[in-house]
Structures are given as C-alpha cells and as structure tokens.
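Inspection log for the structure reproduced underneath, given as structure tokens.
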Amino acid sequence: MVTREMVEPPGQRCTRRHVCQILVAAIVPSPHGHARVQAPAANAGWRSLFDGQTLGQWEPTLFGGEGEVHVDAGRIVLERGNDLTGITWKGEVSATIEYELELRAMRVSGGDFFCGLTFPVQRSHCSLIVGGWAGTVVGLSSLDGLDASENETTSRKTFENERWYAIRVRVTQRQIQAWIDDERVVDVTTVGKKISVRNEMLDSRPLGVASWRTKAALSAIRWRTL
C-alpha cells in the first residue's frame, strides 16, 4: 500500500504539520472560554505629562490663597489652600477633541474635592469635579451654566483619604465620558450644550488640576489622542 507519508517529502510533511498547529492555536479557545488574542501594549499611544521627579511643564496656579505645590516621593502634592491649590499645564495641548486624559489622585487630608480636572472641549473648557461639595459630589462643571452639583452628570460617591483613585476623561466630537477606578461616572452628549468652567477655575485652563481646601496628591498623569 502506498501511503501519503511514502510520497510526500519529509520537509513538506513538516511544513503542513506546522501550518495545522498554527491554525489550531489560532481558533481553539482558551480554558476560560475566550479565543487567545494578544493584548495591546498597556502604554500604547500614551504620552506622560509627569516624570515623577519635577513639575516639568506644570506650574503652580496663581489662584490667590493657594497652598504650596511640590514634588515628593514620585507625586505632585497640592497643599491645602484658601481656597484653591492647583497646577496648570504650560506645554503643548495636542488636541481639543478625540483624546483621553488620565491620572491618579488622592485626598490626603481635608473634606472637599481633591481633583478638579480642567480640560479642553473643542473651543471651550470643562472641569471634572471629584469629591466636591463636602466630599462626595462627582460631575462636570459646567453644562448650560449648571455646575457639578446640579446638572445631569451629578452623582455622589464616598472617597477615602490616603487612597489612590484612577481617574480618566475621554472627549470626543459628541461626548464627554469619565471613569473612576473603571466605574463610568459621566457619559453625556455635548451636542447643543454650552460647555464652560466656573469662574474659580478659569486659571486652570487649558489643562489643570486643582483641589479645594484639601491637601491632595497626583501621579501618573498622561494623555493620548484617539
């Protein structure tokens, strides 16, 4: 009897077997029931805005009554002010839509917002407030003249002192979205809405972070276009 093995050269048999192994590996699910797909690099497209050692292109915001701003142990510390303490980015702002902005923020001590993140939205600006109005309010300031405590993005969340929170904002042509520790806390359509910042936050434009009568710490600040 003449078999396939007798008429196929050994090298060809090896090649076919190798191809079959590749195809099987590509389509066979993992033990967890999901196809094996290589994950994208965690830092793909991200641009760091803080090197962990110096303020770099961040400058203390001159609100009047602000506390000291300094770098300590890989974090930017905003000492408690009367009322606001913050930093403003003096470098290039790569985009005003279709981008994401991310950082880690901590309320070290105090009881009000420890992250007032101001960011560009097309030709205007907006602020994500985290832990405002006595420590629990989350939302955008401002939409149609209504601040974070009184518009459709308003929510309440309990925050612990001395704990890091991962905060991310995404701005697209039609939406602003925000997450805290992977929980989506803002998802609003901006079409037809007036986007602005409160007067107190004007000096945080075009990009800044501030705290209100609260000592805060910031780290891992980064940006990417979509």
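Points to keep in mind about this one:
- Any hit, the range 87-97, residues being buried (at least 20 other Cβ atoms within 10 Å of the Cβ), touching a residue at least 12 places away in the same chain (Cβ under 8 Å) and within 15 Å of the chain's Cα centre (by Cα): no
- In the range 191-206, the qualifying residues are those that are outside any loop (DSSP other than H, G, I, E, B) and not hydrophobic (A, V, I, L, M, F, W, C), and the one that is nearest to residue 176 (Cα to Cα) is 204.
Residue-wise test of (1) farther than 21 Å from residue 81 by Cα; (2) among the acidic types (Asp, Glu).
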position	(1), (2)
111	no, no
139	yes, no
144	yes, yes
174	yes, no
180	yes, no
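- Options 216, 178, 210: the member that is closer than 14 Å to residue 138 by Cβ, of a type in the set (Gly, Ala, Ser) and crowded, with 16+ Cβ neighbours inside 10 Å: 178
- Test result for residue 166, modelled with pLDDT under 95 and closer than 24 Å to residue 78 by Cα: no
- Single residue of the range 122-146 satisfying the filter (among the hydrophobic types (A, V, I, L, M, F, W, C) and surrounded by fewer than 20 Cβ atoms within 10 Å (Cβ to Cβ)) that is nearest to residue 177 (Cα to Cα): 146
- Residue in the range 206-226 that is farthest from residue 135 (Cα to Cα), counting only those that are of a type in the set (D, E, K, R) and either modelled with pLDDT under 95 or out of contact with any Ser or Thr (no Cβ under 6 Å at 6 or more places or on another chain) (or both): 224
- Residue identified as within 22 Å of residue 202 (Cα to Cα), in the same structural domain as residue 196 (by TED's automatic domain parsing) and over 17 Å from the mean Cα position of the chain (by Cα) among 103, 84, 128: 84
The values are calculated or read from the model by the stated rules, or taken from the named source; none is laboratory data. None of these values were measured; they are calculated from a predicted model. Counting neighbours? That spans all protein chains shown, and the Cβs are built from the backbone with ideal geometry, glycine included.
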